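Here's the structure, in structure tokens; my notes come after.
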Amino acid sequence: MDGTTRLRFGLSQVPIKEPQLRVPGPPTTIGGAYHGCTAHAPDLMEAARNATRHLIEWLCHEAHLSAEDAYALSSVVAELRISQVVDAPNWTVTAFFPLTVLVEHA
């Protein structure tokens with residue numbers, strides 16, 4: 001298929017352990033823009049745990065939540081997606097968080 005892709009990259013002053021991304025449309029069910037935290041690991045469950053940890057760290061910094069509150073919010077709202085498994089044994093998982101949750105309750 002012929003296609004065109006446009007990417008925009010931004011640099012943050014906050015150090016991150018693995019790539020993070022913003023998508024304008026819903027990769028999940030809530031709708032609106034999402035922030036995603038990725039994690040790569042030789043074990044799929046380890047990648048899922050690390051993606052969740054990265055999301056919790058992001059919520060603590062971005063939304064000024066305690067780690068406990070960020071964990072509780074993530075457990076209800078965040079969605080984990082397997083991003084790739086073709087590069088075995090390097091699995092990638094992304095934890096997607098709907099930004100509308102932060103905007104509506106800010």
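The values are calculated or read from the model by the stated rules, or taken from the named source; none is laboratory data. Keep in mind that this is a model prediction, so the values were computed, not measured. Methodologically, a virtual Cβ is constructed for each residue, glycine included, from the backbone with ideal geometry; neighbour enumeration extends over all protein chains shown. Remember, those area values only see protein heavy atoms, side chains included, never the ligands or the DNA or RNA. Shrake-Rupley method; radii C 1.70, N 1.55, O 1.52, S 1.80 Å.
Tabulated data for the structure shown
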{"item": "Long-range neighbours under 8 Å by Cβ, at least six apart or interchain, first residue farther than 13 Å from Ile82 by Cβ within region 30-42, second polar (S, T, N, Q) and assigned to a loop (DSSP other than H, G, I, E, B)", "result": "Tyr34/Thr28; Pro42/Asn90"}
{"item": "Given (1) out of contact with any strand residue (DSSP E or B) (no Cβ under 9 Å at 6 or more places or on another chain); (2) at negative phi, number of the condition Thr94 does not satisfy", "result": "(1)"}
{"item": "Subset of region 3-54 [surrounded by 11 or more Cβ atoms within 10 Å (Cβ to Cβ) and over 23 Å from Trp91 (Cβ atoms)]", "result": "Pro26, Ile30, Gly32, Ala33"}
{"item": "Pick from region 55-106, criterion among the hydroxyl-bearing types (Ser, Thr, Tyr) and farther than 21 Å from Gly32 by Cα, ranking: most open to solvent (accessible area, probe 1.4 Å)", "result": "Tyr71"}
